[in-house]
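Structure first, then comments.
Computed from the coordinates by the stated procedures, all read-outs in this text should not be read as laboratory data. What you see is a predicted model, and the numbers here were worked out from it, not measured in a lab. So basically every Cβ, Gly included, is an ideal-geometry build from the backbone, and we count neighbours across all protein chains shown.
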Amino acid sequence: MHPLDDFRTLETRRQFFSRGKSAIGYAALSTLLGQGVGNAYGAAAASATSSPAAGLKKLGPHFPAKAKNVIYLHMVGGPAQMDLYDYKPEMAKWYDKDLPDSIRKGQRLTTMTSGQARFPIAPSKYKFAQHGKCGMWVSEMLPETAKCVDEMCFIRSLNTEAINHEPAITAMQTGSQVSGRPCFGSWAAYGLGSANENLPTFVVLVAVPTNRAQEQAISAKLWSSGFLPGHYTGVSFRSKGDPILYINNPAGVPDEVRRRMLDSIRTINEQTLKAVGDPETQTRIAQYEMAFRMQASVPELTSLADETEGTFKLYGEDARKPGSLPNSMLMARRLVERGVRFVQIYHNNWDHHSDLTGRMPAQAKDLDRATYGLIHDLKQRGMLDETLIIWGGEFGRTIYSQGGLTKDNYGRDHHPRCFTMWMAGGGAKGGAIYGETDEFSYNIVKDPVHIRDFHATTLQLLGFNHEKFTYKHQGLDFKLSGVEPARVVKELIA
């Protein structure tokens, strides 16, 4: 069977009718050129993709962007907002009292707490103080972050429908609880394109937490390009050993031999591309070329020998430790400095169903000094205005305790109805505090922000109208903000 015929047997009805609207044009072109329709199609595909990067160039923003790069810090598990940023002093009077039914309002519960006989209030053990000109209340666990509040934009009214980790983190990263959609980083890479030919457009770093008591499983689907071309998939850097496997030459293979091998593979792939026109073949060509160029660019990137002692004082001494969160945040600065558009950092063990006060301080310590360092490092290099930093998890936590409760220790269950995130730089409005929750940090009482609104707003900062930033797949125009109404929260934009 001809490769093109084989390809067509796999196409969907939508694809057939979409292609069929140009059938008359294909027939006319075939007659004019004196060749079969299949060859005409293949020639057109080859002409349109004469270079590995053809067809993989940036879409381009709809209007001038405030941010050109993103560093997204995702705290896997869902940080407890009332222990970090959502100060609820009245809860001290409610210690060990049951959460009123008028507050819970019949909200569905997870299987972890649905069987509890009661839902005792667990006030935060930690002291809070106001900071900066904006007067943001911040927990004592984050003393260094507290110094940056006037650079940060706080949203205390995020909400989502997902109540369990897998659908919630999938929705937060892709806009849908259903797997298979492109993640935020892939959308950004698709829209903005590459600013460095020797490094990926989208890089993922999975930081190793100091405390590893209860880590959530995360997988590469969170940085998948979904139905976007594979070129926009995130490239995960390892924390130990070679940052990326298999890009270095095997022992005894010099660069010129590897180059000849890649040229031969490229010739074969180009023949396949010409015959079939499959964009994934084009992606493979581009990725082989990128891997070859990264042999030189990645070692230079990951070596911290050129960083000053002042830099390590900013981020903290743990920035010298490969794979730590401070090290990952320093690496993120180096990546965006070299033109990487989107850096996603995952930091695990924020799922505090029990022993919150025994584990959360270690999490906060991993994060605190490095947050201060990243913001000030970018600012002193003149990069903060064009680099959007995002911090948050997939949902929040309950004010009531899961399991045993003492004044010195407690656990918290998942809570999707309200949680806190923040942004800094990249056009976010420094010192803004948006949204309010009730005294129990259980329901939103002012200015709710759904994750769809959050996606629409961050795309706006990158220069994209979320309604028009689409990709056609299976006959539908998909977008990160989904099909339900979403709004740009202008109060978060400087």
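Just a few scattered comments:
- Over 30 Å between alpha carbons, listed pairs LYS147/LYS407; LYS221/LYS379; LYS379/LYS479; LYS68/LYS221; LYS379/LYS468: LYS221/LYS379; LYS379/LYS479; LYS379/LYS468
- Chymotrypsin sites (Phe, Trp or Tyr not before Pro) within region 246-355: DSSP coil, no more than 10 neighbouring Cβ in 10 Å: TYR246
- For region 185-192, putting each phi into the Karplus relation 6.51 cos²θ - 1.76 cosθ + 1.60 with θ = phi - 60° gives couplings of x, 5, 4, 5, 5, 4, x, 8 Hz, in residue order, rounded to whole numbers and with x for Gly and Pro.
- The relative contact order of the chain, computed from alpha carbon pairs under 8 Å that lie at least 6 residues apart in sequence, is 28 percent.
- Computed from the C-beta positions of ASN465 and THR267 and an R0 of 35 Å, the FRET efficiency is 0.30 to the nearest 0.05.
- For THR233, residues with placed amide H under 5 Å, excluding near neighbours: SER225
- Ascending count of other beta-carbon atoms within 10 Å, so fewest first, for CYS134, CYS153: CYS134, CYS153
- Taking all pairs of distinct alpha-carbon atoms in the chain, Kirkwood radius in angstrom: 24.4
- ³J(HN,Hα) computed for each position of region 314-323 - Karplus, 6.51 cos²θ - 1.76 cosθ + 1.60, integer Hz, glycine/proline x: 5, 7, x, 4, 5, 5, 7, 8, x, x
- Cα-based convex hull, region 188-312, per residue volume (Å³, whole number): 163
- Under 17 Å from LYS93, Cα to Cα: aspartates and glutamates that are on another chain or at least 8 residues apart: ASP83, ASP408, ASP438, GLU439
- Near the amide H of ASP413, within less than 5 Å, lie the amide hydrogens of THR398, GLN402, all on another chain or at least 5 residues away, with H placed in the peptide plane.
- Gap separating the Cα centres of region 288-341 and region 357-416, nearest whole Å: 22
- The residue among HIS450, ALA251, ILE71 whose Cα reaches farthest toward the positive pole of the charge dipole of the chain, with charges on the beta-carbon of Lys, Arg, Asp and Glu, is HIS450.
- The phi torsions of region 217-226, fed into the Karplus equation with coefficients 6.51, -1.76 and 1.60 and a -60° offset, translate into couplings of 6, 10, 10, 5, 5, 6, 10, 7, 7, x Hz, rounded to whole numbers, with Gly and Pro shown as x.
- All C-alpha to C-alpha distances of region 57-176, sorted into 5 Å bins beginning at zero, yield P(r) values of 2, 8, 12, 16, 18, 16, 13, 7, 4, 3, 1, 0 percent in whole numbers.
- Interchain or long-range residues, amide H under 5 Å from ASN443's placed H: ASP438
- Computed across region 263-351, the Kirkwood hydrodynamic radius from all distinct Cα-Cα pairs reaches 15.9 Å.
- For LEU405, LEU205, order by how many other beta-carbon atoms lie within 10 Å, fewest first: LEU405, LEU205
- Charge dipole (debye, nearest 20) of the chain; +1 at Cβ of Lys and Arg, -1 at Cβ of Asp and Glu: 660
- Order of MET152, MET261 - criterion: other Cβ atoms within 10 Å of each residue's Cβ, fewest first: MET261, MET152
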